[in-house]
């Protein structure tokens, strides 16, 4: 990340300072070390959350577990906003934005991701979710008129071939529905990221917490209504520790760091994380979870990651990242 970050931008960058109803941009110092730490935190956290979801599912059903995660995360972010003296009432975003994010970024997205991990290896779900940048390109073209170049199209076709290998001839032939769930989750998150571009001026600590709470309450209610919650298993140390990690680190801390980084590093650096996160997720699942991948699954995963690299790996730096590359780092769980 340090190689991609413009030194002048690292020394003096744009930062949101709250001054009432609107925000203004003041320049403050942000060291390369701080930026590198925030970037590494996002990659490390979001590279391990996939396995943490697997651990949480040992004691909690998917909808209930995802719901409790975002209830806790929303409360943590509100506490963070209070500590930073952010006036969340004056900075309150439009409720349509909160509703869309609750439904697509935190609701449908994570419900399907958790459901997919009930039958698929965590690393494999991470690879499938890594196709999110291509959905972003598609939604960006339809909603805001951004066009994909030849590299993007070629990368999308290569990644699609990888998904086909995993889905049709891999070791998960009987789990096609869960593969589709992971892909729909990626599409849902992609739509949320493109929609969010229209509200880029909104403060993240006023926008993310209500969306997380709304999604969390909805998912938890669905879980209590349609899933069986074994409270003894849910309160076991491993699921509880995984839940705490997902809520505090995987949701509150990582999403805030991601928003902090969007104004500080190049689009190329942001896009690079879309490659590193699935690779780390596969490694963590294999090393700590004993997840085994067949040769065809590995080939399919390499095709997906190669397709993402082809589309994002050599984009020219820009002070104002395109929606596709700026959101690429949010290929996360």
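The values are calculated or read from the model by the stated rules, or taken from the named source; none is laboratory data. The structure displayed is predicted, hence computed values, not measured ones. Quick reminder, even Gly has a Cβ in these numbers, built from the backbone with ideal geometry, and neighbours come from all protein chains shown.
Can you tell me how many residues within the range 225-254 are over 15 Å from residue 57 (Cα atoms) and in contact (Cβ under 8 Å) with a residue 60 or more places away in the chain? Residues flagged as over 15 Å from residue 57 (Cα atoms) and in contact (Cβ under 8 Å) with a residue 60 or more places away in the chain within the range 225-254 amount to 8.
If you go through the range 142-155 and pick out every residue that is surrounded by 15 or more Cβ atoms within 10 Å (Cβ to Cβ), part of a helix (DSSP H, G or I) and modelled with pLDDT under 80, you end up with 1.
It is to be established whether one or more residues within the range 188-202 are within 12 Å of residue 74 (Cβ to Cβ) and either surrounded by fewer than 19 Cβ atoms within 10 Å (Cβ to Cβ) or more than 22 Å from the chain's Cα centre (by Cα) (or both). No, the conditions are met nowhere in the range 188-202.
Close contacts from the range 177-201, counting a first residue that is more than 15 Å from residue 107 (Cβ to Cβ) and a second that is at pLDDT 90 or above and part of a loop (DSSP other than H, G, I, E, B), with Cβ to Cβ under 6 Å and a gap of 6+ residues or different chains, come to 178/119; 178/120. For the range 233-254, the count of residues that are under 21 Å from residue 196 (Cα atoms), modelled with pLDDT under 75, assigned to a helix (DSSP H, G or I) and in contact with a helix residue (DSSP H, G or I) (Cβ under 8 Å, 6 or more places away or on another chain) is zero. Among all residues of the range 210-218, there is none that is more than 21 Å from the chain's Cα centre (by Cα), surrounded by fewer than 19 Cβ atoms within 10 Å (Cβ to Cβ), in contact (Cβ under 8 Å) with a residue 12 or more places away in the chain and assigned to a helix (DSSP H, G or I). Do we find that residue 88 is in a loop (DSSP other than H, G, I, E, B) and over 21 Å from residue 284 (Cβ atoms) in this structure? Yes. Residue count for the range 278-303 under the criterion of being surrounded by 19 or more Cβ atoms within 10 Å (Cβ to Cβ), at pLDDT below 85 and not in a loop (DSSP other than H, G, I, E, B): the result is 3.
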